[in-house]
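Okay, so here's the structure we're looking at.
The values are calculated or read from the model by the stated rules, or taken from the named source; none is laboratory data. Computed from a predicted model, the values in this text were never measured in an experiment. Here the Cβ positions follow ideal geometry from the backbone for every residue, glycine too, while neighbour counts run over all protein chains shown.
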Amino acid sequence: MSASTPAIVTLEKLGVAYSVHSYEHDRRSTDYGAEAVEAMAEHGFAADQIFKTLIVDADGALAMAVVPVPQKLSLKAVARALGASKAVMADAAKASRATGYVLGGVSPVGQKTTLPTVVDETVILWDTILCSAGRRGLEIELSPEDLVSLTCAVIAPVAA
């Protein structure tokens, strides 16, 4: 295995089927999702098949939302799905400390802290999806069922 991250270690430890896809991350890029979509399109993946991990603050507690890269997160919908009155995007430093990952490389798998998780309902449209493997330029491909199971997520319409 050429790359090892907490996400990959977790998948290995649990015996979950996955594939790793890497691409050259441009250090000047700050639109990490778009960069992943462009790179993975060359390998036949659809933009909506690639999911981004967003950390939110829901009524003062951190939580995670996983949505297709081209979509925006509906903060109202994620709050509703989490049973919170309000959700806002979490402070970047807090998100990094809680997950153990840098922005642009936050994987929903293998985080330092287990966060309540909501995955957008479109996840069920795919046989496999891609999400960050825990490093910029590194994606893991796994089944939607495994992602939901590993993160103890609820599935809800949270993309806008």
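Odds and ends about this structure:
- Hits in the range 141-160 - residues which are touching a Ser or Thr at 6+ places or on another chain (Cβ under 7 Å) and under 26 Å from Ala61 (Cβ atoms): Thr151, Cys152, Ala153, Val158, Ala159, Ala160
- Here Ala95 passes the criteria (1) within 14 Å of Ala160 (Cα to Cα); (2) part of a helix (DSSP H, G or I) except the one numbered (1).
- Just so you know, in the range 105-146 the residues that are over 13 Å from the mean Cα position of the chain (by Cα), of a type outside the set (Phe, Trp, Tyr) and within 20 Å of Ala34 (Cβ to Cβ) include one that is surrounded by the fewest Cβ atoms within 10 Å (Cβ to Cβ), and it is Thr122.
- Hey, Met64 surrounded by 18 or more Cβ atoms within 10 Å (Cβ to Cβ) and under 26 Å from Pro157 (Cβ atoms) or not: yes
- Residues in the range 51-64 that are within 18 Å of Lys112 (Cα to Cα) and free of Cβ contacts under 8 Å to residues at least 60 places away in the same chain: Leu54, Val56, Asp57, Ala61, Leu62, Ala63.
- Scope the range 36-62; condition in contact with a Ser or Thr (Cβ under 7 Å, 6 or more places away or on another chain) and either under 20 Å from Val148 (Cβ atoms) or at pLDDT below 90 (or both); matching residues: Asp48, Thr53, Ile55
- Scan of the range 65-81 for residues that are without any contact (Cβ under 8 Å) to a residue 60 or more places away in the chain and not basic (Lys, Arg), ordered by number: Val69, Pro70, Leu75, Ala79
- Test: Asp48 is surrounded by 14 or more Cβ atoms within 10 Å (Cβ to Cβ), without any contact (Cβ under 8 Å) to a residue 40 or more places away in the chain and acidic (Asp, Glu): no
- Residue, nearest to Lys94 (Cα to Cα), within the range 16-75, restricted to residues that are in a strand (DSSP E or B) and among the polar types (S, T, N, Q): Thr53
- Index of the failed condition, Gly105 passing every other in (1) part of a strand (DSSP E or B); (2) in contact with a Lys or Arg (Cβ under 6 Å, 6 or more places away or on another chain): (1)
- Screening the candidates Pro108, Pro144 for the property of being out of contact with any Asp or Glu (no Cβ under 9 Å at 6 or more places or on another chain) and modelled with pLDDT of 95 or more yields one hit, Pro108.
- In the range 11-35, of all residues being within 17 Å of Val119 (Cβ to Cβ) and modelled with pLDDT of 95 or more, the one that is surrounded by the fewest Cβ atoms within 10 Å (Cβ to Cβ) corresponds to Val16.
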